[in-house]
Amino acid sequence: MTTALAPLAEPWSPAEFEARLRAVGEERYHDRHPFNLRMHSGDLSPEELRRWIVNRFHYQRHIPVKDALITAKLDTPALRRMWLRRIQDHDGQQQGEGGIERWLRLGEAAGLNRETLLRADTVLPGVRLAVEGYVNFCRLRPSLEAVAASLTELAAPDLMRTRIDAFERHYPWIEPHGLAYFRSRVSQGRRDSREALDLVLSWGRTRDDQERAVAALRFKCDVLWSLLDAVDRAGHREQA
Ligand SMILES: O=C(O)c1cc(C(=O)O)c2c(n1)C(=O)C(=O)c1cc(C(=O)O)[nH]c1-2
């Protein structure tokens, strides 16, 4: 007896593939999370905002680690150069520069000292798991999926602008120079997501590849959502 194999699904056109990737961000990006909505409407207490800064720093400091894991999977000098620039954006060319340093200054502008952020002993368990999930995903999955996971950044520049406005309007106790991190990410995020989108569109040729790329992006949205769930819930626990 012969078993009929299901016919392979046709690949989506590049335009449809791109539309499906963008739709994931529109439906599931963390800008819709209740904690982010409260942040934008000015409802967070200083304590809640500081808790977010400390926990979100844990994500931040692992971004160059996952980018190093991705770089190791890329097989041409041009691709590695492109991805290495992301590590340099975060780690800087020398001490005192780069995105991680700017995030530490955001913490200081909000009244936290940098040792508290660097010690990481108040990072919530759910945040540790979410961040480790993302780093391990990039360690273990092929480059197509690891790069596709970074495409949450398609939506990040708009979120940065909303966040800058919200901080200026509602949280004037945070010194304005602390917002430099978000300002730098508007153009970096736009460039990074454009480059990553071009790679994913050119690598994702079969329907199977395309579906795995979309699933990777959904997973990444879940990582960011879980991180905020943990930060949000820590407040309920304190009130209980
Ligand atoms: O604060 C945010 O809402 C936010 C979100 C994201 C994101 O969408 O993954 C990133 C960043 N910030 C960010 O600052 C950043 O450097 C970054 C790198 C990446 C990535 O997956 O490669 N996402 C993000």
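Taken together, the values in this text are just the output of simple stated rules run on the coordinates, not laboratory data. Here the structure is a predicted model, which means the values were calculated and not measured. With ideal geometry, Cβ positions are generated from the backbone for all residues, glycine too; neighbour counts draw on all protein chains shown.
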Per-region count, the range 69-88, residues within 12 Å of the ligand (Cβ to nearest atom) and hydrophobic (A, V, I, L, M, F, W, C): 4
Leu118 under 21 Å from Ala234 (Cα atoms) and touching a helix residue (DSSP H, G or I) at 6+ places or on another chain (Cβ under 6 Å): no
From the options Arg163, Arg183, Arg141, residue that is surrounded by 18 or more Cβ atoms within 10 Å (Cβ to Cβ), basic (Lys, Arg) and within 12 Å of the ligand (Cβ to nearest atom): Arg163
Residue pairs meeting the criteria (Cβ under 6 Å; at least 6 apart or on separate chains; first over 22 Å from Gln60 (Cβ atoms), in the range 208-237; second assigned to a helix (DSSP H, G or I) and among the small types (Gly, Ala, Ser)): Ala213/Ala148
Residue in the range 203-216 that is within 12 Å of the ligand (Cβ to nearest atom) and closer than 19 Å to Val24 by Cα present: yes
Residue match in the range 201-209 (condition: part of a helix (DSSP H, G or I) and crowded, with 19+ Cβ neighbours inside 10 Å): no
So Cys221, is it more than 20 Å from Leu74 (Cβ to Cβ) and either more than 16 Å from the ligand (Cβ to nearest atom) or not charged (D, E, K, R) (or both): yes
Criterion: under 14 Å from the mean Cα position of the chain (by Cα) and surrounded by fewer than 18 Cβ atoms within 10 Å (Cβ to Cβ) - qualifying residue of Val127, Val65, Val131: Val65
Boolean, Arg190 is touching a helix residue (DSSP H, G or I) at 6+ places or on another chain (Cβ under 7 Å), touching a residue at least 60 places away in the same chain (Cβ under 8 Å) and of a type in the set (Lys, Arg): no
Enumerated helices (runs of 4 or more DSSP H) restricted to the range 88-176, each holding at least 1 residues that are within 19 Å of Asp222 (Cα to Cα) and not acidic (Asp, Glu): 125-140, 143-149, 156-170
Single residue of the range 144-158 satisfying the filter (under 25 Å from Asn36 (Cβ atoms) and among the acidic types (Asp, Glu)) that is farthest from the ligand (Cβ to nearest atom): Asp158
